[in-house]
Structure formats: C-alpha cells, structure tokens
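Computed from the coordinates by the stated procedures, all read-outs in this text should not be read as laboratory data. Note that the structure is predicted; figures quoted are calculated from it, not measured. Because the Cβ atoms are built from the backbone with ideal geometry, glycine has one as well, and the counts that use them run over all protein chains shown.
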Amino acid sequence: MPLRRRTFLIAAAVAGATVVLAPASPADAGTDQWEEEIKRRQPKRNDVLTGVPSHNGWEMEKVADGRGNIHTRPVPGTPLSGVQLRIGVVDAVLAHVIHRFHCDVDELRDGDVTGWCSPAAVKPALPESNLASGTAVRIRPGHYPPGSRGGFYAPQVAAIHGIIADLGGTVRWGGDDASVDEALFYIDVRPDDHELPRTALRVRPL
C-alpha cells in the first residue's frame, strides 16, 4: 500500500475483539484549534472575573476594556466620548438613562459620567458596588457626593423620577436609597430578569 494511503491503527484487545481508533484528521485538528481560540478569547477568571456579585447580583469584574463583559460604550445624543458599561441590554438601558438626563434634567459635558470602577474601590454591601459589575453609572459625582441630599431642584427630581418610571422598575436612582447617592443610577434587577431585555429593546430597537 502506498505510504500516502497508509493508515496508522491503534489496536487493543477488548473481550476478544479488536478495537480500531482512527487517527485525527486535518479537519479534527482544525476544530481543536478553533475551540482553543474560543477558550482563549473568553474571560479568564483569574484576570477578569471575580466570582463575586455586586449589590444587584451581577458579577463584578477586575478590569474594563479587556476580555471581559465591560467595555467603553458610546452614548448617542450626548457629547460624552464613552462610558465603561456591561455590554448588551445593560449598556442599552443605562445609555438611555444618560441621554434622558442630558435632555430632561441638565446638559452634560464630556467627562461628567463615570461607569465601571475597580471592585476594590466600592463597598459590596452598598448599591455603589454595581459600578464594579458595569451595571451602574455616576453622573457628576463631584457635584452630588454620597450622603448628601438636595443636589437637584424639585423639577429636576421630578424629571429623574419620570425617567425611572418609564423604565418599568429596571433602574433605580441612588437619591431614593436610604444610603443616599444622588449621582448614582443602577440596574435594579438580577441577571435572569425578563423585563430588562424587553426594556432594552424598547429604548434601543434592533
């Protein structure tokens, strides 16, 4: 038999029978390489994921703009260059909040909004920990420090409540919390919530 047609066989005696294992084909090798590439591109628990949920149940991540789920996202209709948010339904809804704030509450400038921050910079028991999971933003945090009330005029508070109401309970304003944080806006449902995707499609149709 010509060498190019020769098949290498691995044989083993199993209960008196011979079991033949065919060698890996080039197609199999390509599949293995593809699977390895997919694994390589997935978030690595050691350098991205924490295994620890933020206040709203979404996993906190150690870095943004890496191989995780949190990246700098645009906010259409505003002068912001981008905000670090969890991609997908979360960034759709929070970008909508930011845009509505810009239009209905007060005009924003680039740099007025911050998103993700390191898990080490937040307290896990407080809603601020949602920043570390990419599911929250702070709008002008220097103007509205945590613990301080009265940073907004009454018409602005009414406008903020209108924005929140339009989102069907998927977002909460830190100004309504017992530990007040008027700069904070965050996703107020868990990752398996069914209303959040519907809200995202409503505010950012595909």
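General observations
- Highest average packing first - 53-59, 99-105, Cβ atoms within 10 Å: 53-59, 99-105
- Taken along the Cα-to-beta-carbon direction at a fixed 7 Å, the label points for VAL52 and LEU201 span 3.6 nm.
- Hull volume in cubic angstrom per residue (convex hull over the Cα atoms of region 86-206): 108 Å³
- Sequence ranges 169-182, 123-136, ranked by mean other-Cβ count within 10 angstrom, highest first: 123-136, 169-182
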